[in-house]
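All of the numbers you see were taken from the coordinates with simple rules; none came from a lab. Keep in mind it's a predicted model, so treat the numbers as computed, not measured. Here the Cβ positions follow ideal geometry from the backbone for every residue, glycine too, while neighbour counts run over all protein chains shown.
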Ligand SMILES: [Zn+2]
């Protein structure tokens, strides 16, 4: 079994903001240039993802949500909220972003690859079941997790979200589900304003949401401590069958949208800790890009993350 599949398609570059916007195609171009420069792509299997069918989008989103995005695209509505744009090309890009996760689940569950990395946009973790939000149209990781539950009957999936923003959408979709344990480390207060320690899940999902709201200027060593002392012990008792990473890189010290102090190596360290946890049981890791808006910091951090995933 090969270690790492790398899912990417140029279709993600066609989702372009109608005006200057931090979430734009140059993010993926910078990452691809870095990976080419480091000859990294020769070391992994490059796979073009298929667009997800609407049936799979509907596992995580309401019919109204899907129709709203579809009509907004058709009508060239541009702005769905103050920072979430769509153009004509956004529909296929968004379906393919979600499809990267669906394909990843098949690849790891059929043991074609141990892990996958999805280089995609638009990102997903702010998209709630019933609304697009914060640059996100469909919640890619949530669609992947729902698909793994439906198709492969998994009942213990851990989603670890280290994007600097709280993944309100992912939390919303799985708030009452013990089948998915959602972990988030994020700057607080910051957009979108959710993600307090008191948000722990409800009903059967109670205590399957664990938030780490962190003050501005938190360093990487504090993230590592949380992994060591809180997240890894929870994973040991939860025994996930699959780990999905909402891998945003905007907690980097050079990121223009937030104020944390992580450096490239901190993302490598967090990846190592998750990987060490999975290695004895061969638990698959599916990692999907979320945020990250300083192009150099983003490209270098993704490269460090990938080197560990492929090691
Ligand atoms: Zn973010």
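At-a-glance table
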item	result
Within a Gaussian network of the chain (alpha carbon springs, distance under 10 Å), most fluctuating of 140, 130, 228	228
Relative contact order, percent, segment 2-309 [alpha-carbon distance under 8 Å, six or more residues apart]	19
Chain lengthening between residue 280 and residue 150 when straightened (0.36 nm per residue, less Cα-Cα)	44.2 nm
Centre separation in Å (Cα based) which lies between segment 280-311 and segment 173-194	20
Peptide ranges 22-33, 263-274, 163-174 listed from the most packed, as the mean C-beta count within 10 angstrom indicates	163-174, 263-274, 22-33
Cα Rg, Dmax (largest Cα-Cα span) when computed across segment 1-148, Å	15.2, 46
Gyration tensor verdict on segment 100-139 (Cα atoms; rounded if a/c is under 1.5, prolate if a/b is larger than b/c, oblate otherwise)	prolate
Whether segment 180-290 is rounded, prolate or oblate, judged on the alpha carbon gyration tensor where a/c under 1.5 counts as rounded	oblate
For segment 2-309, the Rg and Dmax computed from alpha carbons only, in angstrom	17.4, 51
Likely footprinting exposure, 162, 91, fewest C-beta neighbours within 10 Å first	91, 162
Residue order, fewest to most beta carbons within 10 Å, for 57, 11	11, 57
Compactness of segment 106-189, expressed as Rg and Dmax over alpha-carbon positions, Å	13.0, 41
Ellipticity estimate at 222 nm from DSSP helix runs (n ≥ 4, -39,500 (n - 2.57)) divided over the chain, nearest 500	-11000 deg cm²/dmol
Normalised contact order of segment 121-276, rounded percent, pairs of Cα under 8 Å and 6 or more residues apart	23
